[in-house]
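Just below is one structure, and these are the notes that go with it.
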Ligand code: TRP
């Protein structure tokens, strides 16, 4: 049997996952487990690049992400689920990779440019933000992953990882595969206001939302604004309810599309049936969250075990990297005797 390819991908733990995450990524990840050895990363260091002033949110948000991943079929028996900060080797590799990339190269990254614009002032951009893609490269390379399933917005980051792998291999000998982005083919998932579903727009339908909340969200959505009476011909291509229908039940979407164009089905009844589809599709998420309420330890146990397994792989890669970069264990007593501290007063402050 040919060796399986290896995947690393992940999310920043920013809270509950929503329908956009499910249709865009989680369904794909769950399927990829059949064909790849998978590492799924909860990137909590990355959250701190923008949110370091709110550490109190991290724990709950990490838990929410993990629960939604598990409910979506990410399987800790087959895949490794890990917490970034539990494998601090990511940070050391990022430090080392940072030596081989220029500041102007990182300043060209579109995400960084966007952040600069939002901040308004270049002075407020942190080193962490600039180095975000370097840390992401370390996440990928430390597992020697060859495939990185991500959305379009992450492609520039994967490109940095590819460049760093090439640069490292060129300097120190073949060490890392050049990772490839694997783009998901999911259509844009509209949020409740018609814009792309995004946590920061507050237009999301979260996966474990209570049933009545899902129904209310769908009923409150704007369909085809040109349609006043149910018998007016509709334009399904502009209607977010159709986008949901297509994603959730493609087999029945075609005929309903035609009926809408002919003015034979009203928006209210279409919303009712799509709301039912959605409630049904999200049922496993509600059930899983309810089941796991009060079982905190089981959840952390999964993350702990995954992180330990990941750490063994990460440590092996990092020790190879350290040797190649001339950082062999110089401080081992047999390699270098400790200097004599005689005559120094170490009782007080050791450092200036
Ligand atoms: N930057 C990714 C996001 O915001 C999260 C992430 C961190 C990631 N490290 C990664 C994704 C490595 C893929 C590979 O969604």
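Observations, loosely collected:
- The modelled label-to-label distance between residue 305 and residue 283, using points 7 Å beyond Cα along the C-beta direction, is 2.8 nm.
- Degrees separating the helix 132-141 axis from the principal Cα axis of the chain, which is the longest one: 80 degrees
- Using a Gaussian network model of the chain in which every pair of alpha carbons under 10 angstrom is joined by a spring, one finds that among 11, 235, 54 the greatest mean-square fluctuation is at 54.
- Relative to the longest principal axis of the Cα atoms of the chain, the long axis of helix 58-71 lies at roughly 60 degrees.
- The chain - share of DSSP beta bridges that are antiparallel (%, nearest 5): 10 percent
- Using C-alpha pairs under 8 Å with a sequence gap of at least 6, the mean separation divided by the residue count of the chain gives a relative contact order of 20 percent.
- Looking at the stretch 4-129, the pairs of alpha carbons with a distance over 25 Å make up 36% of the total.
- Build a GNM of the chain with springs between Cα atoms under 10 Å apart, and of 282, 95, 83 the one that fluctuates most is 95.
- Ratio Rg/Rh, restricted to the stretch 134-275 and using Cα atoms, in which Rh is the Kirkwood radius: 1.19
- The residue 315 and residue 264 beta-carbon pair, evaluated with R₀ = 51 Å, returns a calculated FRET efficiency of approximately 0.20.
- Relative contact order [Cα under 8 Å, 6+ residues apart], the stretch 30-104, whole percent: 49 percent
- Between helix 155-172 and the chain: long-axis angle, C-alpha atoms, 0 to 90°, nearest 10: 20 degrees
- Averaging Cα coordinates gives a centre for the stretch 81-125 and one for the stretch 309-330; these two points are 22 Å apart.
- Length released on extending from residue 126 to residue 324, taking residue separation times 0.36 nm less the Cα-Cα span: 68.3 nm
- When each of 112, 52, 132 is scored by the number of other beta-carbon atoms lying within 10 Å, the sequence from fewest to most is 52, 112, 132.
- Sum of -39500 (n - 2.57) over DSSP H runs of 4+, divided by residues of the chain (222 nm, nearest 500): -15000 deg cm²/dmol
- With a simple spin-label model that places each label point 7 Å from the Cα along the Cα-to-Cβ direction, the separation between residue 235 and residue 298 comes to 4.9 nm.
- Rough spin-label spacing in nm, given labels placed 7 Å along Cα→Cβ, for residue 180 and residue 52: 3.7 nm
- The chain: C-alpha gyration tensor shape, a/c 1.5 cut-off, then a/b vs b/c: prolate
- On the beta carbon distance between residue 60 and residue 251, with R0 = 45 Å, the FRET formula returns roughly 0.75.
- Highest GNM mean-square fluctuation among 307, 319, 79, for the chain modelled with Cα contacts below 10 Å: 319.
FYI, it's all coordinate maths here, none of it is from the lab. Values in this document were obtained by computation on a predicted structure and should not be read as measured data. Please note: Cβ atoms are built from the backbone with ideal geometry, for glycine as well, and neighbour counts cover all protein chains shown.
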